[in-house]
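Worksheet: one structure, shown below.
The values are calculated or read from the model by the stated rules, or taken from the named source; none is laboratory data. Owing to the predicted nature of the structure, the values given are computational and were not obtained by experimental measurement. Reconstructed Cβ throughout: ideal geometry from the backbone, glycine too, with neighbour counts over all protein chains shown. Heads up: the accessible areas ignore ligands, DNA and RNA and are worked out on the full protein's heavy atoms, side chains in. Shrake-Rupley method; radii C 1.70, N 1.55, O 1.52, S 1.80 Å.
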Amino acid sequence: MKAIQCGGRISLALCITLVTIPWTGGYIVDPGPVVKATKGEIWPKPRNQTTAQQFYTIKMGSFSFQSMNFSCDLLNKALDRYQKLVLSIGNTTRRAMVNRGYSFSSNNALRANNDGHRSWRSDPNWSGYLEQVKVDLKAPCEDLPYLSMDEEYTIIIDDFQALLSSFSVWGMLRALESFSQMVVLSDNGSMLRINATTVYDGPRFSHRGLLVDTSRHFIDTCTLVKILDGMAYNKLNVFHWHIVDDHSFPYESRTFPELSQQGAYHPSMVYTQADIAHIIEEATLRGIRVMPEFDTPGHTRSWGVSHPELLTECYDQYRGKLGPMDPTRESTYTFLSNLFREVIEVFPDRYVHLGGDEVGFECWASNPKILEYMKQNRLYSFEMLEEKFIQRIVDQIDVLKRSSLVWQEVYVNGVRLPNGTVVHVWTGNRQDLLNKITRDGLPALLSSCWYLDHLSTGGDWRKFYNCDPHDFIGTGEQKSLVLGGEACMWSEVVNGHNILPRIFPRVSATAEKLWSPASVNNADEAARRLEEQTCRMNHRGIPAQPPNGPGFCI
């Protein structure tokens, strides 16, 4: 046994001696990291960026953001958040070195600082000090993020000044993120520096999402806020909250409180109304929409704990089981109408995801009431029965003046969808589906190539990076109907302990494909920037896993 010091605490760990066997094969490895990280590069890669060799040093004691023109509480909180992020860059590295056994005395620190001053002031590329960043918001703040919100921004760092400008508070949030990523610690660790730079940037797609499943495993609100942080660091803007499913119902309903009281795993594993309001507020502060999903008629077993009458009673070999929702009962639709009326009051986003995927027909096929209903209504297949159900639910949302998203099965099964209903592609031939959906004039989202729960090996972010939402045969008008896409983190095998490193930095690959121009497609070049982005997220408290193999973060 050996005592190991970790972050100032002593713990005992079992030491295993490894015997190094000389390698006689042809596999030759150079020392150092497999992928050398960039320094001060922006993720996702901007639309247009020009960087000079000249650089400025940031005065730690006096650095600040100065708001010009319009301002609001949302922007002020962002300025405070990003000022702390910028000023923490050097401190984080220093703490890491101390934790690894490097000691700083006040005299050594002072001498290093003086040496640093001499070295950068004698550098011909040093242009002076940067104390203030002007934040020019050219239009009033908006209250809530929304589809197709303006996220464009400009950054100009030159002539001893820095200017961030945007016509939208959402664009300003993205500008602040990009600025913070360009600030780096000097090689000798004595100063913060930033190069003279001009950036003109904006997203390629308006919907850049991450689905998080909180039913299979409950994810606590603190972890969800961490996920929102990581999303903001990658300029993702939709938190698709797959909040309930077969296994648990953690959403606390005001109208039907018994759903979570009986359907959640445990009383402590429930999202209260206050929790949900908190998540929506934290997401809004980061320019992120919160889009709820209440999947029906399948994936609803947990609903039946308190309301078994909603579900279909199974017979024959499935006797004693409950299947999908019973589409023959008018009371089912009344219940759902009341629930969705509440949902749109709780979640302010324009869109509600209605699911509609993976409906097993075995139980319907075993139930004589279902079969008789189909006969009387001339429904000749279970797909037609599902169509009838989904049509009622989609119409309910339409009446409530909201828009629906549905998984692709709803479209494939021929449900007549109102204009603007988004079809979410998650499996099968994505190129063929995207072509058909957009040819029919419906907007689409892509997820099938961005399933974060599908693991292959370390560095598998490249398979996500090699997927493009416009990679299908279609007209320009068709491709304009592709709103973007989402990475999906289904939680069968993740919980609060491992969900963050499972998401990050793999979702960063999806984020860049959805933000950056289509011409940004060199995975080898991206690997160096992703190495830096991963360390950056680590410094900011996101336990992102290594993206490329052997390497290090200080």
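Residues that are among the basic types (K, R), in a helix (DSSP H, G or I) and either open to solvent by 10 Å² or more (accessible area, probe 1.4 Å) or within 24 Å of F239 (Cα to Cα) (or both) do occur in segment 533-549. Any idea which residue in segment 275-319 is farthest from N234 (Cα to Cα), counting only those that are among the β-branched types (V, I, T) and in a helix (DSSP H, G or I)? Filtering segment 275-319 for residues that are among the β-branched types (V, I, T) and in a helix (DSSP H, G or I), the one farthest from N234 (Cα to Cα) comes out as V305. When S508 is tested against (1) assigned to a helix (DSSP H, G or I); (2) open to solvent by 10 Å² or more (accessible area, probe 1.4 Å); (3) not charged (D, E, K, R), only condition (2) is not met. Of the numbered criteria (1) open to solvent by 10 Å² or more (accessible area, probe 1.4 Å); (2) under 25 Å from W490 (Cα atoms); (3) touching a strand residue (DSSP E or B) at 6+ places or on another chain (Cβ under 6 Å), the one D326 fails is (2). Which pairs do you get when a residue that is acidic (D, E), found in segment 456-475, comes within reach of a residue that is at pLDDT 95 or above and assigned to a helix (DSSP H, G or I), reach meaning Cβ atoms under 9 angstrom, with the pair 6+ apart or on two chains? What qualifies is D460/R506; D468/K513; D471/R430; D471/Q431; D471/L434. Across segment 234-268, which residue is farthest from I219 (Cα to Cα) among those that are more than 22 Å from the chain's Cα centre (by Cα) and among the aliphatic types (A, V, I, L, M)? Checked segment 234-268; the qualifying residue farthest from I219 (Cα to Cα) is L259.
Taken over segment 325-345, residues that are aromatic (F, W, Y) and more than 30 Å from the chain's Cα centre (by Cα) amount to 2. When both residues are 6+ apart or on different chains and their Cβ atoms are under 6 Å apart, which pairs have a first residue that lies in segment 54-72 and is outside the structural domain of R286 (by the TED database) and touching a residue at least 12 places away in the same chain (Cβ under 8 Å), and a second that is assigned to a strand (DSSP E or B) and of a type in the set (D, E)? Partner pairs satisfying both residue conditions: M68/D136; N69/D136.
Could you check segment 101-120 and list, in sequence order, the residues that are open to solvent by less than 70 Å² (accessible area, probe 1.4 Å), among the polar types (S, T, N, Q) and at pLDDT below 55? S105, N113, N114 - these are the residues of segment 101-120 that are open to solvent by less than 70 Å² (accessible area, probe 1.4 Å), among the polar types (S, T, N, Q) and at pLDDT below 55. Scanning segment 281-289 turns up at least one residue that is farther than 30 Å from A518 by Cα and open to solvent by 30 Å² or more (accessible area, probe 1.4 Å). When we screen L259, L211 for residues that are of a type in the set (A, V, I, L, M), within 30 Å of G323 (Cβ to Cβ) and in a helix (DSSP H, G or I), the only hit is L259. If you check P267, P292, P250, P257, which single one turns out to be free of Cβ contacts under 8 Å to residues at least 24 places away in the same chain, in contact with a helix residue (DSSP H, G or I) (Cβ under 9 Å, 6 or more places away or on another chain), at negative phi and in the same structural domain as H424 (by the TED database)? Step by step, each of P267, P292, P250, P257 is checked, and only P267 is free of Cβ contacts under 8 Å to residues at least 24 places away in the same chain, in contact with a helix residue (DSSP H, G or I) (Cβ under 9 Å, 6 or more places away or on another chain), at negative phi and in the same structural domain as H424 (by the TED database). Being farther than 26 Å from P443 by Cα, part of a helix (DSSP H, G or I) and in contact (Cβ under 8 Å) with a residue 60 or more places away in the chain: is that true of S178 here? Against the criterion (farther than 26 Å from P443 by Cα, part of a helix (DSSP H, G or I) and in contact (Cβ under 8 Å) with a residue 60 or more places away in the chain), S178 qualifies. Counting only helices (runs of 4 or more DSSP H) that sit completely within segment 331-406, those holding 2 or more residues that are among the acidic types (D, E) correspond to 382-399.
Within the option set L385, L417, being open to solvent by less than 40 Å² (accessible area, probe 1.4 Å) and over 25 Å from A487 (Cβ atoms) holds for one residue only, L385. A count restricted to segment 220-253 and to residues that are surrounded by 21 or more Cβ atoms within 10 Å (Cβ to Cβ), within 20 Å of V343 (Cα to Cα) and not polar (S, T, N, Q) stands at 12.
When N419, N495 are checked against the criterion of being in a loop (DSSP other than H, G, I, E, B) and touching a residue at least 24 places away in the same chain (Cβ under 8 Å), N495 stands alone in meeting it.
Looking at E372, E409, just one residue is assigned by the TED database to the domain that holds P297 and surrounded by 14 or more Cβ atoms within 10 Å (Cβ to Cβ), and that residue is E409.
None of A526, A487 is in the same structural domain as D295 (by the TED database), among the hydrophobic types (A, V, I, L, M, F, W, C), in a helix (DSSP H, G or I) and buried (at least 22 other Cβ atoms within 10 Å of the Cβ) except A526.
State whether the residues of segment 469-477 include one that is open to solvent by 40 Å² or more (accessible area, probe 1.4 Å), over 23 Å from H240 (Cα atoms) and aliphatic (A, V, I, L, M). Yes, there is a match, as at least one residue in segment 469-477 is open to solvent by 40 Å² or more (accessible area, probe 1.4 Å), over 23 Å from H240 (Cα atoms) and aliphatic (A, V, I, L, M).
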